[in-house]
Structures are given as structure tokens and as C-alpha cells.
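Note sheet for the following structure.
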Amino acid sequence: MKILYITTSYEQKNSSAAIRNNALVNGFIDLGHDVIVLTPKWPCFFESEFLKRQNKAKVIHSKIPDLELLKFTSRGTSRKKNKILMKVRRFIRDLVYFPDMCKKWKNLISFEEIGNDYDMIISSSDLKSSHYVALRIKKL
């Protein structure tokens, strides 16, 4: 069976959803299914090298330009004590990314790249945007 697995959390570090999605996809592959994962391309500081090494599926990364703003609105690994700056960053992040960070994803998909001959489409609800992407693909 050919499966398109759509998720916003597939290779992120510190994400239980990414661990679950990776394990589920690898389980489908171990059962003999052909799985292609469609996921956004996150900035490198969000990616888990461990999960990338564990992955057995073909992964299609969609570029979402707004995700690059996370460099400026996230604290990253540094622990800053400035509470005002943290509140400003949180406000900007919430303003730019409402209702979630991948809201523009459904409009940026290259359908030539992912094709449309799937037996099953699964969308994981880590961020709700994955459901909108699946719905758009299904309508084609």
C-alpha cells in the first residue's frame, strides 16, 4: 500500500509527537508499505539528528518562509533573564503564527513533487495545519 503521511512534527527534537510519528511511519515500512512523509522544513536548530538517522521513509520537506522567523522570536538555547524581551518575543510569535506556525503550508505545496497516486493519506494533528494540507491534497 502506498501511504502519504502528513505531519508538522517528524524530525523535531524534544517532541514526543515527532518520536511517535517516526515510529509509526517506520512500523508501516516494516510491514511492507511504501510511505512518503510530507512535512515542513524547520530551521536547523529544531531538527533532531537522532530522528533523522532513525527514519526509513522518503521525506518531502516543504519550505514555509515564516518558519525562518523563529530564529528571532525563539530563545533558542540561551537562558535570558530579560522578562520584558521574552514577553515581546512571545507576543510577536503569537501574532505572526496564529492559529499555528504552519498556517500557510497548504498554499505552498508542490503537487508535482508529491504526486497523487496514494492508497491512503494520513494526517497527524500535531499542529492542525496538517489536516488542511491533507484536505487540499484529497480535493485534487
Problem - Among 18-26, 119-127, the order from most to least packed when residues are scored by Cβ within 10 Å on average - result: 18-26, 119-127
Practice task
Could you check the simple spin-label distance between residue 128 and residue 87, using points 7 Å along Cα→Cβ, in nm with one decimal?
Solution key: 2.8 nm
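Every read-out reported here was derived from the displayed coordinates using simple, explicitly stated rules and does not represent laboratory data. Predicted model only: the values in this text are computed from it and were never measured. Cβ sites come from the backbone with ideal geometry, for glycine too, and all protein chains shown count toward neighbours.
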